[in-house]
Each structure stands twice: as C-alpha cells, then as structure tokens.
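The values are calculated or read from the model by the stated rules, or taken from the named source; none is laboratory data. Because the structure is a prediction, the values reported are computed rather than measured. Ideal geometry is used to build each Cβ from the backbone, glycine not excepted, and the neighbour counts take in all protein chains shown.
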Amino acid sequence: MKKIIITLLMLLPLSTFASVGIELQSANIDVSDGDSLQRGAKNYVNYCLGCHSLKHIRYKRMAMDFGVEDNKVLAEIAPEGARIYDQMHTAMNAHDGTKWFGTQPPDLSLIARSRGADWLYSYLKSFYLDSSPTGSNNLVFEDVGMPNVLWELQGIQTPVYKEDSAGNKKLESIVLKQSGTMTEKEFDQFNNDLVNFLVYVGEPTQLERKSMGKYVLLFLLMFTVLAYFLKKEYWKDIH
C-alpha cells in the first residue's frame, strides 16, 4: 500500500506542490485559436527563445497547424536565418547558460504538460523586485534563477510583507509599483497567447486526437450493440 501511495504522489503534477498556499490564476486556453497561437509563437521567439529551446517542434509543423504559408512563419515568427524544417533551438549554448544562470536553461517543449497552463500563466505574472543576483523573485516559484524578462511590458512589482507575532516577515502579496508599456489587460492577453502556444507545443496533435475520439467512441458504441445482439443469437437455444 505504501508503494502505491508513493507512486501516485509522484504522478501528481508538479504544480500541485509548487503552488501550495498560492491561488493560481486561470489561463484562457484555446489551441484551436490559430491567431492566438501565432501571437504566442511570436512572443516566445522574442522573449524566451534566447534561453529556452523548443526542440520537439519544427517551424514547418507550426505552419501546417496554423494554416499559414511557410514564408509567413519564416518572416513573422522564426528568428532571422532559420529554415522551415528547423527545430526551435536557442542560440545559447550549455556553457554560457551554466556560467550565467548556474545551470543550463531547460527546454520547454513539455513544460505545459508538466506544470499546467494555470501554473505557467500565474508564474509569468508573478515576478517581483528582489535583491537576488537576477534582481527578481517569483511568488509562484520561490528563489527562481530566471530573471524577469517581461518587466518592461508588465512593469515593476514589489513585495508586501506581513509581520507575525514573533516578528517574522512573511510575503503576503505583490503590487505593481511602476507601470510597463502594456496595460494590465494587454499583458494578460500577451501571457494567454504565450501559454496557449506552449500548451499546443506540448501536444501538437491534441486537436486531431480530440476530433478522432468522437469517432472512436461512436465505433465502440456500435460495436457494443452488435456484440449484444450477437451474444443473444449464440445463447438463444441455451436454457
């Protein structure tokens, strides 16, 4: 029984443990929204690809799934010099990543499947000013080694601490101290598109899978009916 419980706990999403005591915000995810996916892909290339690769997706696959021409993907989404059959690799090498951040920034192809869309959405919005080497910390992921690359868009958030009876300070919330280039609504849309794109990258075939699932269920229903009448035919003379 102990082994079964331990196994089940290991299978729980990482976000279950990372968000204890923190209420995650809901991401508005719709991987059938091609426009949102294109915007999210642009956002990722502009702000994330410098450190984090997406090695499980190719620009060609994105063009097919987004329903756009290859040239449009290369011109409006892919970084300069990329080819249509390239994977989304970062320009940062492992040595530089380890030197600057202490470890190589991870590939994010499956981050939406491991963390969850709501966790990612909340994480991107929860950076605040801090005295750490990167100059920032995160309400959802404490002591994160990643700098806040979106601070110019969102603005600068600062922490609000609450002191308990013993005199210990505890982080209670974060507030926007300095506005960025985007309004709150625009920044929410920016993050929704980015997370939507990462959810798509985690399983590019999910729309096909869901569409096919209806036909599979219909087949199983028809097969069940046929199997029932076949069983009655075989057993009709047995009393």
Original post:
Out of curiosity, is D107 part of a loop (DSSP other than H, G, I, E, B) and within 24 Å of V199 (Cα to Cα)?
Top reply: yes
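When residues of region 50-64 are filtered for being assigned to a helix (DSSP H, G or I) and farther than 14 Å from F197 by Cα, how many remain? Before the answer, list the steps.
Of region 50-64, the ones assigned to a helix (DSSP H, G or I) are 59-64.
Checking which are farther than 14 Å from F197 by Cα leaves us with 60, 64.
Within region 50-64, residues that are assigned to a helix (DSSP H, G or I) and farther than 14 Å from F197 by Cα number 2.
The rows are residues; the columns are (1) under 30 Å from T98 (Cα atoms); (2) assigned to a loop (DSSP other than H, G, I, E, B); (3) in contact with an Asp or Glu (Cβ under 6 Å, 6 or more places away or on another chain); (4) not assigned by TED's automatic domain parsing to the domain that holds T103.
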{"residue": "P133", "(1), (2), (3), (4)": "yes, yes, no, yes"}
{"residue": "F141", "(1), (2), (3), (4)": "yes, yes, no, yes"}
{"residue": "V160", "(1), (2), (3), (4)": "no, no, yes, yes"}
{"residue": "A166", "(1), (2), (3), (4)": "no, yes, no, yes"}
{"residue": "L171", "(1), (2), (3), (4)": "yes, no, no, yes"}
{"residue": "I174", "(1), (2), (3), (4)": "yes, no, no, yes"}
{"residue": "K177", "(1), (2), (3), (4)": "no, no, no, yes"}
**OP:** Would you mention how many residues in region 84-114 are farther than 24 Å from S136 by Cα and in contact with a Lys or Arg (Cβ under 9 Å, 6 or more places away or on another chain)?
**Re:** 7
Original post:
Can you name the condition, by its number, that S132 falls short on among (1) closer than 20 Å to N191 by Cα; (2) modelled with pLDDT under 90?
Top reply: (1)
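Only one of F197, F141, F101, F127 is closer than 29 Å to N28 by Cα, hydrophobic (A, V, I, L, M, F, W, C) and at pLDDT below 95; which?
Exactly one of F197, F141, F101, F127 is closer than 29 Å to N28 by Cα, hydrophobic (A, V, I, L, M, F, W, C) and at pLDDT below 95, namely F141.
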**OP:** Look through region 64-88, keep the residues that are in contact (Cβ under 8 Å) with a residue 24 or more places away in the chain and surrounded by fewer than 14 Cβ atoms within 10 Å (Cβ to Cβ), and return whichever of them is farthest from the chain's Cα centre (by Cα).
**Re:** R83
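Can you name the residue in region 112-129 that is aliphatic (A, V, I, L, M) and surrounded by 21 or more Cβ atoms within 10 Å (Cβ to Cβ) and is also farthest from F190 (Cα to Cα) among such residues? Don't jump to the end; show me each part of the working.
Going residue by residue through region 112-129, those that are aliphatic (A, V, I, L, M) are 112, 117, 120, 124, 129.
Filter once more, so that each one left must be surrounded by 21 or more Cβ atoms within 10 Å (Cβ to Cβ): 112, 117, 120, 124.
Details: A112: 16, A117: 14, L120: 13, L124: 10 Å.
My answer is A112.
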